[in-house]
Amino acid sequence: MRIDVVTIFPDYLAPLELSLIGRAAAAGPLQLQIHDLRAWTKDPHRTVDDSPVGGGAGMVMKPDVWGRALDDVLASGPSDPSPGTGECSGREPGGVVDGTTHPGARTVLAIPTPSGIPLTQRTVEDLATADHLVIACGRYEGIDARVAEHYGDRVETLEFSLGDYVLNGGEVAALALVEAVVRLLPGVVGNPESLEEESHGAAGLLEYPVYTRPVEWRGLAVPEVLLGGHHARIARWRRDRALERTAARRPDLLQSLGAEQVVRGDREVLNRLGWGLGPAGVARMRVRRGIPDDAARLAPLAAATFPLAAPPGLDEEALAAFIAENLSVERFEDYLADGARYVVMVGEVEGSGELAGYTLSVLPLSVGEPPYAADVEAIVQERPTAELSKIYVRPEFHSSGLARMLMAQTLAALAEARVEGEPLAVVWLGTNARNRRAQKFYARCGYERRGGRRFWVGGREMSDAVWARPPLESAPPAMAD
Ligand code: SAM
C-alpha cells in the first residue's frame, strides 16, 4: 500500500518513522510519503490560505494550491517508487485524475475534518484494502469546500472526523488514520491473533480488561479466574466483562449487535444488565409496574398470548369466552386500578413502543385468605399467599430473557407487598402439567413443585402443576429461559 500525506507541517508526521509503522515503511508492505503543501505554491511567500469569501473569522486553505498538490500526488499512483516529495515544487500539475489513471488500483482521498463522518474500525478495515491512500491535512478554518467537491467526482473521497471535537489541523487525524490502517496490513502486527479480539472487532464489543504480572499491585489483585488456566472459564469471564463494559460505556454498540453475534451464555449477563435478544437483535428491555394507561395495550397482548399456552383441548369458544371475561381492556383497567388486590408488571423493549410481556399477580386481602381453589389451599399452606396468575411473553421474545426479567421484577414487587402489615410468605402458580418448557422455567426461577390441581373450563377437566416459592428469598438465578 502506498500512503501520501500532504500537510504544511511535514515534521508533524515524523512519528510515523517509529515503531511498527516505521518498520512497515522501511522494509514492509508500506510506501509512505509526506509532502509539504507549500511545494505547490507559486508566490514568493508560499501562500496556502486566504480570507473567507463572505466574511468571517480565520483563513481558508486555497483550492488552487491544493488542486496542484493533489493532482500530482494522486497521479503518482500506488506504485510510483519515487513520489515527488521535495521535488514536487518543480512538477507541473499531474494529468487526469479520474480513477482510470491507474487501472485496477483503488485510490482513496481522505480529508480529515470535524464535519466528516466519524472514523470507525469498519472504515479503517475497508481502507486497508486500498492500494493508494492520499491524506489532505487542513489547517486554519479548513480547505476550500470545492476541493472535496472536485475530487469527489473523480476519485473515491472520504471526509472523515476523528471525533466530536476540533483539532488545530488534520495532522493528528492523519497520524491516527495511518496507524489504524497500517496495523491491519499483513505482516505489520507480529501476532495477527492480537487483532482478533480487540475492541470494535467482529464481536462488536469493547475489549475486556487485560492484566499482567505482578498479580498483586497496590492492593489490587488480578481476577482469580485468570490465574486458574481454565480456558473456557477465562473466555466466559472475558466475554462477560466485555458485555458489561460495552453496556456501560457504549450502549449504542450493544444496540447494534445482531442475533448472530450473541453467543451461548451471553443472555444471562445481558439480562442482568437490562438487555435481551429480541427479534431485531440485542435491545434494551425494561420491566416496570403497569399504569392505568397500559390497559389498552395490555388487553391485546394478553388476548394474543393467552391461547399460546392454553390447556390443550380447550375449544375456541371457551377460549374466547375466557379472554372476554378476564383479559378485556376493562378488566385490565380494574387490575391496574386495584393495587391492594393486583400487581401488574409490564415488559417493554426500548424504542419499539410495544409491550412484549406482562405478569398479573393476585394478592390476598387478609393474612389468612387461602388460595381460591381447595386443592391448592391444601398444598400451599403458608400465609399470606399470593398467586402469580399470568406470566406471558410474545413468542418473538421467548428466548430474549424477558420472561426471566419479568419474573425477577415481579418477585421483587411481591416482596415489597404487605398484607395487613405482613410480607407475603409464598407465591404460587398453576401451570399446565404437560408444558415441559414452563415447568423447567419455574424450576430455574426457584419454584418448587408442590403438587397438582384440577379445574373445569368449558365443560372439560384440566390439570395443572402447582409450584410455589417465597417471593424474595433470593433473586431468581440468572438464566436463559
Ligand atoms: N472550521 C472547521 C469546522 O468548524 O469544521 C474546523 C477547522 S479545524 C480548526 C482545522 C483542521 O483541523 C481541519 O481542516 C481538519 O483538517 C482538522 N480537524 C480538526 N478537527 C478534526 C476532527 N475532529 N477530525 C478530523 N480532522 C479534524
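Scan the stretch 161-202 residue by residue and report those that are polar (S, T, N, Q), assigned to a loop (DSSP other than H, G, I, E, B) and closer than 30 Å to ASP11 by Cα.
ASN168, the sole residue that qualifies.
In the stretch 136-193, which residue that is within 11 Å of the ligand (Cβ to nearest atom) and of a type in the set (D, E, K, R) is surrounded by the fewest Cβ atoms within 10 Å (Cβ to Cβ)?
ASP164
To keep it simple, each residue is scored yes or no on (1) at pLDDT below 95; (2) touching a Ser or Thr at 6+ places or on another chain (Cβ under 7 Å).
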residue	(1), (2)
LYS390	no, yes
GLY401	yes, no
GLU448	no, no
TRP456	yes, no
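If you scan the stretch 432-445, which residues turn out to be without any contact (Cβ under 8 Å) to a residue 60 or more places away in the chain and crowded, with 17+ Cβ neighbours inside 10 Å?
ALA433, GLN439, PHE441, TYR442, CYS445
Yes/no matrix, rows are residues, columns are (1) over 27 Å from ARG436 (Cβ atoms); (2) in the same structural domain as VAL457 (by TED's automatic domain parsing); (3) out of contact with any strand residue (DSSP E or B) (no Cβ under 6 Å at 6 or more places or on another chain):
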residue: GLY290; (1), (2), (3): yes, yes, no
residue: ARG297; (1), (2), (3): yes, yes, no
residue: PRO300; (1), (2), (3): yes, yes, yes
residue: ALA304; (1), (2), (3): no, yes, yes
residue: PRO312; (1), (2), (3): no, yes, yes
residue: ALA324; (1), (2), (3): yes, yes, yes
residue: ALA340; (1), (2), (3): yes, yes, yes
residue: GLY357; (1), (2), (3): no, yes, no
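Run SER328 past the list (1) surrounded by fewer than 18 Cβ atoms within 10 Å (Cβ to Cβ); (2) at positive phi and report the number of the one that doesn't hold.
Going through the list (1) surrounded by fewer than 18 Cβ atoms within 10 Å (Cβ to Cβ); (2) at positive phi, SER328 breaks only (2).
Collect the residues in the stretch 419-468 that are among the hydroxyl-bearing types (Ser, Thr, Tyr) and part of a loop (DSSP other than H, G, I, E, B), keeping them in residue-number order.
Within the stretch 419-468, TYR447 is the sole residue that qualifies.
Residue by residue, here is whether (1) free of Cβ contacts under 8 Å to residues at least 12 places away in the same chain; (2) of a type outside the set (S, T, N, Q); (3) under 18 Å from ILE143 (Cβ atoms) holds:
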| site | (1), (2), (3) |
| --- | --- |
| LEU16 | no, yes, no |
| GLY28 | no, yes, no |
| HIS45 | yes, yes, no |
| ALA57 | no, yes, yes |
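Yes or no: ARG288 surrounded by fewer than 16 Cβ atoms within 10 Å (Cβ to Cβ), touching a residue at least 60 places away in the same chain (Cβ under 8 Å) and in a strand (DSSP E or B)?
So ARG288 fits the description; yes.
Would you be able to tell me the number of residues in the stretch 147-166 that are out of contact with any Pro (no Cβ under 7 Å at 6 or more places or on another chain), farther than 20 Å from ALA180 by Cβ and of a type outside the set (Lys, Arg)?
So the count comes out to 7.
Looking at the stretch 345-367, which of its residues are buried (at least 17 other Cβ atoms within 10 Å of the Cβ) and closer than 16 Å to ALA304 by Cβ?
Residues satisfying the conditions are VAL346, GLY347, GLU348, VAL349, LEU355, ALA356, GLY357, TYR358, THR359, LEU360.
Please state which one of THR129, THR123 is away from the ligand (no atom under 15 Å from the Cβ) and either out of contact with any helix residue (DSSP H, G or I) (no Cβ under 6 Å at 6 or more places or on another chain) or outside any helix (DSSP H, G or I) (or both).
Among THR129, THR123, only THR129 is away from the ligand (no atom under 15 Å from the Cβ) and either out of contact with any helix residue (DSSP H, G or I) (no Cβ under 6 Å at 6 or more places or on another chain) or outside any helix (DSSP H, G or I) (or both).
To keep it simple, each residue is scored yes or no on (1) more than 14 Å from ASP144 (Cα to Cα); (2) in contact with a Gly (Cβ under 9 Å, 6 or more places away or on another chain); (3) not in a strand (DSSP E or B).
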| position | (1), (2), (3) |
| --- | --- |
| ALA26 | yes, no, yes |
| ALA39 | yes, yes, yes |
| PRO44 | yes, no, yes |
| GLY67 | no, no, yes |
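If you take the residues of the stretch 305-357 that are assigned to a helix (DSSP H, G or I) and small (Gly, Ala, Ser), which of them is nearest to the chain's Cα centre (by Cα)?
ALA309
Each row is one residue, and each column tells you yes or no for (1) surrounded by fewer than 17 Cβ atoms within 10 Å (Cβ to Cβ); (2) touching a residue at least 60 places away in the same chain (Cβ under 8 Å); (3) in the same structural domain as GLN31 (by TED's automatic domain parsing); (4) within 30 Å of ILE117 (Cα to Cα).
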residue: GLY201; (1), (2), (3), (4): yes, yes, no, yes
residue: PRO209; (1), (2), (3), (4): yes, no, no, yes
residue: GLU216; (1), (2), (3), (4): yes, no, no, no
residue: ALA221; (1), (2), (3), (4): yes, no, no, no
residue: ALA242; (1), (2), (3), (4): no, no, no, yes
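Keeping to the stretch 98-120, report how many residues are of a type in the set (S, T, N, Q), away from the ligand (no atom under 16 Å from the Cβ) and touching a helix residue (DSSP H, G or I) at 6+ places or on another chain (Cβ under 9 Å).
Final tally of qualifying residues: 2.
Residue by residue, here is whether (1) more than 30 Å from GLN255 (Cβ to Cβ); (2) charged (D, E, K, R); (3) without any contact (Cβ under 8 Å) to a residue 60 or more places away in the chain holds:
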site	(1), (2), (3)
GLU125	no, yes, yes
GLY169	yes, no, no
GLU179	no, yes, no
VAL188	yes, no, no
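The values are calculated or read from the model by the stated rules, or taken from the named source; none is laboratory data. A quick note: this is a predicted structure, and the numbers were derived from the prediction, not measured. Reconstructed Cβ throughout: ideal geometry from the backbone, glycine too, with neighbour counts over all protein chains shown.
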